[in-house]
Amino acid sequence: MKKINEISLFASYSNSKKKRLIKKNSRTNIHNRLIASLKGKDFYDGKRKYGFGGYKYDGRWKRIAEIFIKKYKLNNKSKILQINCDKGFLIYELKKLLPKAKIIGIDRSKYSINNAKKEIKNLLKYHEDPYLKFKSKTFDTIIAIGYVYEFSLFQIITAIKEINRVSKNNNNFITLGSYNKIRDLNLLKEWSLLGTTILKKKEWRYVLKFCNYKGDYEFVTAKSLNLTIVKK
């Protein structure tokens, strides 16, 4: 059986070394977090303080798709699920590379699904809770980026167990908001609009063990995001 494994999939690939500059209390005040939590037009294509500030296709997900295919030995017979797929840009790239594979994306944002690329819009489904509406052992690989740590701890247990349940071979990849130093925690809190549960790395490892998670994970940190606080 596959063992739990920390990897650096995104850290090894970066389209830019540019720092993400944050003004203290300018992004994650309660108003901005409420707007972002709806995951509507403001979050994807509104002002930067509400989210992406314009989430458009630019080709950067092609390299990520290639990495996933190589890492998990995916092919045209594979069944792949992406949870928290947003506008489906990764789905789009995977489908171009593996046109006969069964690929499904789910997200709680109707806006993102409605504004996905037309070529893959039929592959995306609306889904809003940690319980997955699929039979056990359905997918060869499950990808959940920016998903698990949006929940409370109780919901995280459910989310991880559901990923375990619908996975065939535990070839899963999740990201987790994390820190080791208080300064890094504060940076993440200033940046992350949807990150509900941000834990120390050792705490996340304990959570994963508690949930009997068997798959890969990557920590999202202030360093990996290249975050820097600037004065107003």
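The values are calculated or read from the model by the stated rules, or taken from the named source; none is laboratory data. This is a predicted model, so every value here is computed, not measured. Here Cβ is always computed from backbone atoms with ideal geometry, including for glycine, and neighbour counts include all displayed protein chains.
Of the residues making up segment 11-30, those that are closer than 19 Å to residue 187 by Cα, assigned to a loop (DSSP other than H, G, I, E, B), at pLDDT below 75 and not hydroxyl-bearing (Ser, Thr, Tyr) are 11, 17, 18, 24, 25.
Picking from residues in segment 24-59 that are exposed (fewer than 14 other Cβ atoms within 10 Å of the Cβ) and among the basic types (Lys, Arg), the one that is nearest to residue 93 (Cα to Cα) is 56. Checking each residue in segment 95-129 for being more than 16 Å from the chain's Cα centre (by Cα) and part of a helix (DSSP H, G or I) picks out 95, 96, 97, 110, 111, 114, 121, 122, 123. Among the residues of segment 160-173, is there at least one that is polar (S, T, N, Q), part of a loop (DSSP other than H, G, I, E, B) and either over 18 Å from the mean Cα position of the chain (by Cα) or surrounded by fewer than 17 Cβ atoms within 10 Å (Cβ to Cβ) (or both)? No, the conditions are met nowhere in segment 160-173. Within the bounds of segment 201-210, is there any residue that is of a type in the set (A, V, I, L, M) and touching a helix residue (DSSP H, G or I) at 6+ places or on another chain (Cβ under 6 Å)? Looking for residues that are of a type in the set (A, V, I, L, M) and touching a helix residue (DSSP H, G or I) at 6+ places or on another chain (Cβ under 6 Å), one finds none in segment 201-210, hence no.
For residue 137, are the conditions met, namely being touching a strand residue (DSSP E or B) at 6+ places or on another chain (Cβ under 8 Å), within 21 Å of residue 168 (Cα to Cα) and surrounded by fewer than 16 Cβ atoms within 10 Å (Cβ to Cβ)? It is true that residue 137 is touching a strand residue (DSSP E or B) at 6+ places or on another chain (Cβ under 8 Å), within 21 Å of residue 168 (Cα to Cα) and surrounded by fewer than 16 Cβ atoms within 10 Å (Cβ to Cβ).
Close contacts from segment 77-90, counting a first residue that is within 19 Å of residue 134 (Cα to Cα) and in contact (Cβ under 8 Å) with a residue 40 or more places away in the chain and a second that is in a loop (DSSP other than H, G, I, E, B) and not aliphatic (A, V, I, L, M), with Cβ to Cβ under 6 Å and a gap of 6+ residues or different chains, come to 83/147; 84/146; 84/147. Are any residues in segment 162-190 of a type in the set (D, E, K, R) and within 15 Å of residue 141 (Cα to Cα), and if so, which ones? Those that are of a type in the set (D, E, K, R) and within 15 Å of residue 141 (Cα to Cα): 162, 165, 168. Does residue 81 qualify as being in a strand (DSSP E or B), buried (at least 21 other Cβ atoms within 10 Å of the Cβ) and not β-branched (Val, Ile, Thr)? Against the criterion (in a strand (DSSP E or B), buried (at least 21 other Cβ atoms within 10 Å of the Cβ) and not β-branched (Val, Ile, Thr)), residue 81 qualifies. The set of residues in segment 70-91 being on the phi < 0 side of the Ramachandran plot and over 16 Å from the mean Cα position of the chain (by Cα) consists of 70, 71, 72, 74, 75, 76, 77, 78, 79.
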